[in-house]
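Let me begin by presenting the structure, written as structure tokens, before commenting on it.
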Amino acid sequence: MDVEALRALWKQEEGAARIHGWDFSHIHGRYEEEGDLPWDYGAIVRSHLRAETRVLDYDTGGGEFLLSLGHPYHLTWATEGYPPNVALCRQRLTPLGVHFRACRDASAIPFGDGSFDVILNRHGDFHPPELYRLLGEGGVVVTEQVGGENDRDLVELVLPGLEPPFPHLNLETQRAAFRRAGFQILRAEEAFRPISFYDVGAFVWFARIIRWEFPGFSVDRCWEGLLKLQRMVERDGKVTGTIHRYLIVAGKS
């Protein structure tokens with residue numbers, strides 16, 4: 001283990017940690033996650049879409065998943081709040097005829113009551129009463145979320161002792177929140193699955209991108225922890241942690 005060479009390499013990854021849309025291609029093939037979730041989010045969403053469905057994707061990122069649906073653009077709405085992604089959506093979605101609005105407040109989405117038949121939210125913010133307001137009668141919300149225990153074992157390896165930032169993000173708590181808002185729960189599942197990194201540089205890039213899970217992470221601050229990860233890679237070929245996901249499909253009757 002040439003520690004100075006590793007430091008230079010990891011510093012390079014730290015400096016490269018920028019993201020365009022929700023594009024993890026920089027570490028493609030160097031890490032793996034979500035390959036074995038017990039549900040298929042895309043298939044679930046498509047099962048609720050019809051030719052005339054008015055669909056909103058809240059916190060769309062760069063619109064990547066939304067565009068993959070191939071839904072008629074004139075019946076497609078999207079919001080995003082992260083400024084670089086807002087600019088990207090305006091370049092990517094608006095010229096196609098998708099109705100895009102910038103929005104950072106999940107409790108004040110700038111559309112009228114009953115505007116949509118289906119609302120999508122994947123790994124974004126949400127406020128069940130606002131979703132209920134926006135849906136028409138018979139409408140459906142489909143959301144897949146990152147749970148509060150996501151990557152906690154990895155966080156503990158490099159930033160030991162940090163309190164979980166989102167303890168309320170779990171299926172039990174959020175299912176109850178949807179019910180209080182008036183929804184009928186049509187489907188609800190929770191899963192814990194592995195996430196693997198095949199080199200520590202990929203982990204460094206990831207931890208710098210996911211700042212809300214790894215607050216204050218840097219190569220210098222977490223040096224000893226990163227060396228521990230390097231020994232794991234040399235021994236096992238990878239570093240493995242645990243992701244936390246939950247799915248809720250809720251209807252407005």
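Each value in this text was obtained by applying a stated rule to the coordinates, not by laboratory testing. Because the structure is predicted, anything quoted here is derived from the model rather than measured. Quick reminder, even Gly has a Cβ in these numbers, built from the backbone with ideal geometry, and neighbours come from all protein chains shown.
Taking a sphere under 13 Å around the Cβ of residue 183 and counting the other residues whose Cβ falls inside, with K and R at +1 and D and E at -1, yields a net charge of +4. Measuring nothing but how far apart in sequence close Cα pairs (under 8 Å, 6+ apart) lie, relative to its length, the chain scores a relative contact order of 24 percent.
Indicate the gyration tensor shape class of the range 10-144 (rounded, prolate or oblate), computed on the Cα atoms with a ≥ b ≥ c the square roots of the eigenvalues: a/c under 1.5 is rounded; otherwise a/b larger than b/c is prolate and the rest oblate. It is prolate, given that a/c is not under 1.5 and a/b is the larger ratio.
Given a Förster distance of 25 Å, report the FRET efficiency between residue 189 and residue 50 from their Cβ-Cβ distance, rounded to the nearest 0.05. Write down the numbers at each step before the final one.
Details: r = 24 Å, r/R0 = 0.96.
According to the calculation, E is roughly 0.55.
Label-to-label distance, residue 137 versus residue 242, with points set 7 angstrom from Cα along the beta-carbon direction: 4.5 nm.
Of the residues 44, 204, 12, the one whose Cα sits farthest towards the positive end of the charge dipole of the chain is 44 (charges of +1 on Lys and Arg Cβ, -1 on Asp and Glu Cβ, taken about the Cα centre). Taking the C-alpha atoms only, the angle from helix 223-236 to the longest principal axis of the chain is near 90 degrees. The range 3-251 gives an Rg/Rh value of 1.00, both radii derived from C-alpha positions and Rh following Kirkwood. The simple spin-label model puts a point 7 Å past each Cα toward its Cβ; for residue 9 and residue 224 those points are separated by 2.3 nm. Take the alpha carbon gyration tensor of the range 74-131, find the square roots of its eigenvalues, order them as a ≥ b ≥ c, and report rounded if a/c is under 1.5; if not, report prolate when a/b exceeds b/c, else oblate. Verdict is oblate for the range 74-131. Does the range 72-194 classify as rounded, prolate or oblate by the C-alpha gyration tensor (a ≥ b ≥ c root eigenvalues; a/c under 1.5 gives rounded; else a/b over b/c gives prolate, otherwise oblate)? It comes out oblate by the Cα gyration axes.
A simple spin-label model places pseudo-atoms 7 Å from Cα toward Cβ; at residue 37 and residue 99 they are separated by 2.7 nm.
The string of couplings for the range 180-191 from the Karplus curve (6.51, -1.76, 1.60, θ = phi - 60°) is 4, 6, x, 6, 9, 7, 8, 7, 8, 9, 9, 8 Hz, one whole number per residue in order, with x for Gly and Pro. Rounded to the nearest 20 debye, the dipole magnitude of the range 15-172 is 800 debye, with +1 charges on Lys and Arg beta carbons, -1 on Asp and Glu beta carbons, and the Cα centre as origin. The relative contact order of the range 11-91 comes to 34 percent, based on Cα pairs under 8 Å that sit 6 or more residues apart. Count the net charge of all other residues whose Cβ sits under 10 Å from the Cβ of residue 31, scoring Lys and Arg as +1 and Asp and Glu as -1. Every neighbour counted, the sum reads -1. Taking 25, 107, 218 as the candidate residues, the one with maximal mean-square fluctuation in a Gaussian network model of the chain, Cα springs under 10 Å, is 25. Counting only DSSP beta bridges with both residues in the chain, the antiparallel share comes to about 55 percent.
I'd like the distance separating the alpha-carbon centroids of the range 128-188 and the range 2-50, in whole Å. If you average the Cα positions of each part, the centres end up 21 Å apart.
Using the rule -39500 (n - 2.57) for each DSSP H run of four or more residues, divided by the residues of the chain, the 222 nm mean residue ellipticity is -9500 deg cm²/dmol.
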